[in-house]
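**Student:** Before we start, here is the structure in question, set down as structure tokens.
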Amino acid sequence: HQNMIQLKNNFTWEENGMIFKKNHQIIRKKIFSFLSEIEQQNNEINKIHTILIIIAMEDEASPTISYLGLKQLQGNKKFPFKIYGGEKNGKRIVLMTSGKDSTHGVDNVGPQVASSMATIGIHEFDPNVVVNMGTAGGFKASGAKIGSVYVGTKAQFHDRRIPIPKFDKYGSGDYNTTTPTSINGMFKSATISTGSSLDITDAEKERLSKQSQQMAVVKEMEAAAIAQVCQWNSTPFVVIKAITDLIDSSAKTEEEFLKNLKIASKSLQ
Ligand code: ADE
């Protein structure tokens, strides 16, 4: 499968789109194969009845919403989040996306929004497992490639700096995630690092390379924030991210991200 999820050097965008499509198909199918594993790992949980899937952007979420046959539910009007629900293999599935910002008309993104979604989602739906899926930036130097899919083994923050004893470690987080072996072998695994920005400063890059025992190769904007909320509640948390852009390449992160996000969504319609 490794060949399938890696790109040729001189790919065309159409080829890239096909790889995203295959990856998303694999991810969607695999969601169900790892549930029984989580059930066995968590003795206190008798049986998984509800899965909460958190996906920030609507474009990232729509293929999964249609694949699972989810229907939009009436959300709480006080919040911008969109909530979709359904049932698959006897499990209740709730999928949340972050909705639009009313001032700027763009998708809400970032750790603050992700924390709110996780808090409300866990409070309202009492899931036995939370899954965060989406796109991420990767570090070429650590072997990341556009189109690769990663499962998180840890989630940390690279821009929550508090240089006071103990607060420093609290800042970086280093939250545990659940890494089902059934998907661990299928995809690559890595520490996922979360920040509020799409780009990254040199200082953050430096910190990122030092703060984790296992160098983080994947950078995005939600995982650690959701992991923190899951930790409060002892809810198992699974993170799966597909790389849309390489942070340490000469291409502009924002251009690469937008190009690949579009292709990924288009190929999945
Ligand atoms: N999502 C996709 N690419 C990303 C990046 N470079 N940084 C943060 N989140 C992302």
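**Student:** Using amide H atoms built in the peptide plane, which far-off residues or other-chain residues are under 5 Å from residue 73 H to H?
**Tutor:** Counting only residues 5 or more places away or on other chains, the set is 83, 84, 85.
**Student:** Give me, ordered by chain and number, the residues 5 or more places off residue 189 or on other chains with an amide H under 5 Å from its own placed amide H.
**Tutor:** Under 5 Å from the amide H of residue 189: 151.
**Student:** Moving to a separate point now. With every protein chain left in place, what is the accessible area of residue 181 in Å² (1.4 Å probe, nearest 10)?
**Tutor:** About 100 Å², rounded to the nearest 10.
**Student:** With θ taken as phi - 60° and the coefficients 6.51, -1.76 and 1.60, list the Karplus ³J(HN,Hα) couplings across region 97-106 in order, rounded to whole Hz; mark glycine and proline as x.
**Tutor:** Working through the residues one at a time gives 10, 8, x, 9, 6, 6, 7, 9, x, 9 Hz.
**Student:** Do any of 78/100; 71/241; 154/259; 78/241; 188/241 go past 20 Å between their Cα atoms, and which?
**Tutor:** Checking Cα-Cα distances, 71/241; 154/259; 78/241 exceed 20 Å.
**Student:** Residue 160 accessible area, nearest 10 Å², 1.4 Å probe?
**Tutor:** 50 Å²
**Student:** Something else about it: So, R0 is 30 Å and r is the distance between the beta-carbons of residue 88 and residue 258; what FRET efficiency does that work out to, to 0.05?
**Tutor:** Working: r = 31 Å, r/R0 = 1.05.
It comes to 0.45.
**Student:** Per residue of region 200-208, in order, report the coupling 6.51 cos²θ - 1.76 cosθ + 1.60 (Karplus, θ = phi - 60°) as ³J(HN,Hα) in whole Hz, putting x for Gly and Pro.
**Tutor:** Once θ is set to phi - 60°, the couplings for region 200-208 become 8, 7, 4, 5, 5, 4, 4, 5, 4 Hz.
**Student:** Another question about this same structure. Kindly report, to the nearest 10 Å², the accessible surface of residue 200 as traced by a 1.4 Å probe over protein heavy atoms only.
**Tutor:** The value for residue 200 is about 30 Å².
**Student:** Could you derive backbone 3J(HN,Hα) for region 169-174 from the dihedral phi with the Karplus parameters 6.51, -1.76 and 1.60 (θ = phi - 60°), listing whole Hz in sequence and x where the residue is Gly or Pro?
**Tutor:** 6, 4, x, 6, x, 6
The values are calculated or read from the model by the stated rules, or taken from the named source; none is laboratory data. This structure is a prediction, so every number in the text was calculated from the model and none was measured. Methodologically, a virtual Cβ is constructed for each residue, glycine included, from the backbone with ideal geometry; neighbour enumeration extends over all protein chains shown. When the accessible area is computed, the model is the full protein with side chains, heavy atoms only, and any ligands, DNA or RNA have been set aside. Shrake-Rupley method; radii C 1.70, N 1.55, O 1.52, S 1.80 Å.
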